[in-house]
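J.: Structure below; questions to follow.
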Number of protein chains: 2
Amino acid sequence: MAVMDSAAAREQALDAAEELFYGRGIQSVGMDDIRGASGVSLKRLYQLFPAKEQLVEAYLERRDVRWRGRLAEFVARREDPGERILAVFEWLEGWFGEDGFRGCAWINSYGELGATSARVAAQVRAHKQALRDYLAGLVADAGLPGTVAGQLFLLAEGAMVTAGITGSTEPARVAREAARTLMTR
Amino acid sequence: MAVMDSAAAREQALDAAEELFYGRGIQSVGMDDIRGASGVSLKRLYQLFPAKEQLVEAYLERRDVRWRGRLAEFVARREDPGERILAVFEWLEGWFGEDGFRGCAWINSYGELGATSARVAAQVRAHKQALRDYLAGLVADAGLPGTVAGQLFLLAEGAMVTAGITGSTEPARVAREAARTLMTR
DNA sequence: AGCAGCGGAGAACGTACGTTCTCCACTTGA
DNA sequence: TCAAGTGGAGAACGTACGTTCTCCGCTGCT
């Protein structure tokens, strides 16, 4: 392994953590697995993240920024405010179809650790709140009643959960059609 | 502990498993916790369930029968087919408000074990498929187009997940209003 | 060249837990 | 009363894993 500064080692560690935690769940991945996949030694891993839980938090935090960034970037390409809302579900469909898609990382983490780790639970709530606020902004921009935002949020959550369990992209299209109906009355 | 036949011991074990697995997650509950909470000795636990995974499967199976039974019983009290569909969301609201509610047991289990236990993953899919089929029956009875069933299913899933994460009963009411809109056009 | 320190490999340590085993009290049938 | 078996309490065993420690080579400075 070539020399690597702390920032690069941190990225390598988080890359490996994201791939393994998301793909196999958090509890079934050991720190030694992270070391093997990242090439970052245990000693350095523990310098960067004093305990596994902090690595988990950093993983969720970085993924939150990236995930919402990707969504917002996709949506922002549309001009029409109504189209932007529908674009959310189109982006979900593309995500569901990606290799290795295994549902929503936060919903999965909550099922695994929500009852035992208050910090993870708080991060999940923050992420979902941010998504809800984002949708509320789109709904307001489209001049739709505020109650629609909560409804669209539930459709998106249901689609993520169902796509994760069934492995199909169809929930995104179903949710999109429901969203269209809810928007037009 | 008084004498107890196998059937009673099995029920005691499953009662404890359900309370602990649902409340704290599966991986964080040890077989010794089950023994302590149920009063069934380890030896007998292993006679009844040769491995922890089989206890987990029995827990999910028994809960599936009971959960869907409770829902169907509540819904069946309504006469009008359209009212029956809305009653699903009313039942969800009552469930969300129960003490110790912590989201959908199957969604949580899927987050925890979906990637590592094929049998648990299959049980989750079966449970969700059964719920979807049940909703499809209600939708057909109400003379609504079949596409509505999938939309209502996503709303229910989104409500369960969101209520679990936020601890609020509100998602049930939001989903109910969305359902009403989707049904009336 | 010599040395101080960083970093890697991997052993070691402690704990948790799934599973099995030992020992013993008690019941039951003759 | 005695023998055989059932079942409970809890010790024991093996493994996995989070975390720390040891040893050693390499690098960079003087």
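The values are calculated or read from the model by the stated rules, or taken from the named source; none is laboratory data. Small disclaimer: the values here were computed from a predicted structure and weren't measured. Counting neighbours? That spans all protein chains shown, and the Cβs are built from the backbone with ideal geometry, glycine included. Ligands, DNA and RNA are excluded from the accessible area calculation, which covers all protein heavy atoms including side chains. Shrake-Rupley method; radii C 1.70, N 1.55, O 1.52, S 1.80 Å.
J.: Could you list, bin by bin from short to long, the percent of Cα-Cα pairs of region A:140-185 in 5 Å steps?
T.: 5, 23, 29, 19, 13, 7, 3
J.: Another question, if that's okay. Please report the net charge: other residues with Cβ closer than 13 Å to the Cβ of A:L42, K and R +1, D and E -1.
T.: The answer is +2.
J.: Moving to a separate point now. Just to check I understand the Karplus step: with θ = phi - 60° and J = 6.51 cos²θ - 1.76 cosθ + 1.60, what whole-Hz values come out for region A:100-114, glycine and proline as x?
T.: Values, residue by residue: x, 4, 9, x, 7, 4, 7, 4, 5, 5, 5, x, 7, 10, x Hz.
J.: Carbon and sulfur: what percent of region A:60-183's accessible surface (1.4 Å probe)? Can you show the working numbers first?
T.: Details: 2370 of 4790 Å².
Percent of accessible area from carbon and sulfur atoms in region A:60-183: 50.
J.: Hey, could you grab the Kirkwood Rh for region B:1-50? Inverse mean 1/r over distinct alpha carbon pairs, Å, one decimal.
T.: Over region B:1-50, the inverse of the mean reciprocal pair distance is 10.8 Å.
J.: When averaged across all projection directions, what area in nm² does the alpha-carbon convex hull of region B:90-145 cover?
T.: 5.0
J.: Over region A:37-127, how many percent of alpha carbon pairs lie in each 10 Å bin up to the one with the longest distance?
T.: For region A:37-127, the pair-distance distribution reads 14, 35, 33, 14, 4, 0.
J.: Name the most mobile residue of B:L42, B:L55, B:L155, meaning the one with the largest mean-square fluctuation, in a Gaussian network model of chain B with Cα contacts below 10 Å.
T.: Answer for the Gaussian network model of chain B: B:L42.
J.: Note every residue of region B:72-121 with a reduction of at least 20 square angstrom in accessible area, all protein chains present versus the isolated chain, computed with a 1.4 Å probe, or write none.
T.: Correct list: B:R102, B:I107, B:N108, B:Y110, B:G111, B:E112, B:A115, B:T116.
J.: B:K43 versus B:V65, label points 7 Å from Cα toward the beta carbon: distance in nm?
T.: According to this spin-label approximation, the distance is 2.9 nm.
J.: Between A:Q12, A:Q47, A:Q151, which gets the highest mean-square fluctuation from a Gaussian network model of chain A, Cα cutoff 10 Å?
T.: Sorting by GNM fluctuation, first place goes to A:Q47.
J.: OK, next. Please go through the residue pairs A:K43/B:K52; A:K52/B:K43; A:K128/B:K128 and name each one whose alpha carbons sit more than 32 Å apart in this structure.
T.: On the way: A:K43/B:K52 34 Å; A:K52/B:K43 34 Å; A:K128/B:K128 23 Å.
The answer is A:K43/B:K52; A:K52/B:K43.
J.: While we're here: Say a site is exposed when it is one of the GluC sites (Glu not before Pro), sits in a DSSP loop, and has at most 14 other Cβ atoms within 10 Å; what is then the longest site-free stretch of chain B? Don't skip to the end; give the middle numbers.
T.: Working: sites that count: B:E79, B:E98.
The reported range is B:99-185.
J.: Taking only DSSP H segments of four or more residues, each worth -39500 (n - 2.57), what value at 222 nm results for the protein assembly as shown once the sum is divided by all its residues, to the nearest 500 deg cm²/dmol?
T.: Rounded to the nearest 500, it is -25500 deg cm²/dmol.
J.: Considering the Cα trace of region B:2-86, what is its radius of gyration and what is Dmax, both in angstroms?
T.: 16.4, 52
J.: What would the Debye equation give as log₁₀ I(q)/I(0) for region B:57-183 at q = 0.09, 0.18, 0.20 Å⁻¹, counting only Cα atoms as equal point scatterers?
T.: -0.24, -0.99, -1.20
J.: When the Cα atoms of the protein assembly as shown are enclosed in a convex hull and the volume is divided per residue, what value in Å³ results?
T.: Numbers: hull volume 54.2 nm³, N = 370.
In the protein assembly as shown, the Cα convex hull volume per residue is 146 Å³.
J.: Follow-up question, since we're still on this one. Under a point spin-label approximation (7 Å from Cα along Cα-to-Cβ), what is the A:D32-A:S6 distance to one decimal in nm?
T.: With each label point 7 Å from Cα toward Cβ, the separation is 2.8 nm.
J.: Turning to a different aspect of this structure: Pop out the ³J(HN,Hα) list for region A:48-60 in order, Karplus 6.51 cos²θ - 1.76 cosθ + 1.60 with θ = phi - 60°, rounded to Hz; leave Gly and Pro as x.
T.: Going residue by residue, I get 6, 9, x, 8, 4, 4, 6, 5, 4, 5, 5, 4, 5 Hz, with x marking Gly and Pro.
J.: Under a 1.4 Å probe, what is the accessible area of the protein assembly as shown per residue, stated in Å²?
T.: Normalised by residue count, the accessible surface of the protein assembly as shown is 43 Å².
J.: I've got another one for you. Quick one: if the Förster radius is 41 Å, what FRET efficiency do B:T184 and B:A121 give, using the C-beta to C-beta distance and rounding to 0.05?
T.: Working: r = 37 Å, r/R0 = 0.89.
It comes out at approximately 0.65.
J.: Pull up all non-local amide H partners of B:G167: gap of 5 or more, or a different chain, and H-to-H distance under 5 Å with H placed in the peptide plane.
T.: Result for B:G167 returns nothing.
J.: Top mean-square fluctuation among B:R102, B:R77, B:R125, Gaussian network model of chain B, C-alpha springs under 10 Å?
T.: The residue that fluctuates most here is B:R77.
J.: Let's test the formula: R0 of 25 Å, r as the Cβ-Cβ distance of A:E170 and B:E73. What FRET efficiency results, to the nearest 0.05?
T.: 0.25
J.: Using only Cα atoms and rounding to the nearest 10 degrees, what angle (0 to 90) does helix A:147-166 make with the longest principal axis of chain A?
T.: Approximately 50 degrees, to the nearest 10.
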